[in-house]
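Student: Handing you this structure, nothing more for now.
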Amino acid sequence: MMSYILLTVGLAILLVGGKVLVDGATAIAARLGLSPGLIGLTVVAFGTSAPELLVSVTAALKGTSDIAIGNVVGSNISNITLVLGISAVIFPIFIARSTLKLDYSFTLITTILFYLLSWNGIISLIEGIVLFSLFIAVNWYFFKKIERVETPDDTLLLKQKSIGWAVLMIILGVVGLYFGSELFVDNGVLIAAYLGISERVVGVTVIAIGTSLPELATSVIAALKKETDIAIGNILGSNMMNILCIIGITAIVKPIAVSPLFITTDYLWMIGLTLLLFPLMRFGYSISRIGGSILLTGYGLYLYFLL
């Protein structure tokens, strides 16, 4: 029972740590005069993926590579099906042609590349460097295409904070992410052992869903506000970042062993569901409530065959 409580506490610390880190970094970025577009692309995007990063790195260092891989694969699957599905059921997600042409294409190519690099059963140091280099290149490309917009009110408020406050928030955020990831991973492993299920299953379900909560919250709020371009952009960008940045950095820190079960099952589900997203987005350039229901059904089927 205590492991479940500590798992929940660890997740809460992770999420709060990510939010505090984003606030501090955003305040500094705003005071340095960075554009809202660049802040959103770098600071905010990194902050929402920080829990996944710390969990995967911690898991790899502790020798539980199934959780490191499962965290990313499971997060990408739940992002496409659970997060987009719920968002589309709340309010149809309208798709810009550029989103389909660029964001989706990059996401699909990245997903297939991840599968190919994992085929030999390990993501090596060199492959980690390749993935992280692609992450930098892709972000630079998107940054060059960002339209300059007015600074939002929340960024203006953070801009008024002192540098000392911002640095303190960054330090507290990093500390929170570290201790939160330790609690989350350690107790996830204990729960897997207690229930007699594999670390792979825990990684692609409990750990993945937990670390995907920032994306879920962001996309649902965007759907409620009918700002659906934010919802789809958040998910596609997060899936690319999970592979290029999180797997890239984790493999640089320590090469990641990939279980054959991932390659023959979970990876195929991840690729298949990413491909399913194309016709749902292309038809009428929107993901309708019916499309959202299809995505949620896809997640249900994945869990059914997994468990």
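The values are calculated or read from the model by the stated rules, or taken from the named source; none is laboratory data. As the structure is a computational prediction, the values presented were derived from the model and not from experiment. Note that we place each Cβ from the backbone using ideal geometry, even for glycine, and neighbour counts take in every protein chain shown.
Student: Does Leu172 satisfy the condition of being modelled with pLDDT of 85 or more and over 30 Å from Ser124 (Cβ atoms)?
Tutor: yes
Student: Same structure again: List, please: which pairs have Cβ atoms under 8 Å, are six or more places apart or on different chains, and start with a residue in the stretch 75-90 that is assigned to a helix (DSSP H, G or I) and end with one that is among the aromatic types (Phe, Trp, Tyr)?
Tutor: Listed pairs, sorted by first residue: Ile77/Trp269; Ile77/Tyr299; Ile77/Tyr302; Ser78/Tyr299; Thr81/Tyr299; Thr81/Tyr302; Leu82/Tyr299; Gly85/Tyr299.
Student: So for the stretch 260-279 (the condition being hydroxyl-bearing (Ser, Thr, Tyr), in contact with a Pro (Cβ under 7 Å, 6 or more places away or on another chain), in contact (Cβ under 8 Å) with a residue 40 or more places away in the chain and under 26 Å from Leu307 (Cβ atoms)), does at least one residue qualify?
Tutor: No, every residue in the stretch 260-279 fails to be hydroxyl-bearing (Ser, Thr, Tyr), in contact with a Pro (Cβ under 7 Å, 6 or more places away or on another chain), in contact (Cβ under 8 Å) with a residue 40 or more places away in the chain and under 26 Å from Leu307 (Cβ atoms).
Student: Which condition from (1) surrounded by 23 or more Cβ atoms within 10 Å (Cβ to Cβ); (2) within 20 Å of Phe106 (Cα to Cα); (3) small (Gly, Ala, Ser) is the one that Gly292 breaks?
Tutor: Tallying (1) surrounded by 23 or more Cβ atoms within 10 Å (Cβ to Cβ); (2) within 20 Å of Phe106 (Cα to Cα); (3) small (Gly, Ala, Ser), Gly292 fails exactly one: (2).
Student: Also: Which members of the stretch 199-226 meet the condition of being surrounded by fewer than 16 Cβ atoms within 10 Å (Cβ to Cβ) and either at negative phi or aromatic (Phe, Trp, Tyr) (or both)?
Tutor: Answer for the stretch 199-226, where residues must be surrounded by fewer than 16 Cβ atoms within 10 Å (Cβ to Cβ) and either at negative phi or aromatic (Phe, Trp, Tyr) (or both): Ala217, Ile221, Leu224, Lys225.
Student: Moving on. Just give me the residues in the stretch 122-169 being of a type in the set (Asp, Glu), modelled with pLDDT of 80 or more and part of a loop (DSSP other than H, G, I, E, B), in sequence order.
Tutor: Passing the criteria: none in range.
Student: Counting just the residues of the stretch 250-307 that are polar (S, T, N, Q) and in a helix (DSSP H, G or I), which one comes out farthest from Glu199 (Cα to Cα)?
Tutor: Ser293
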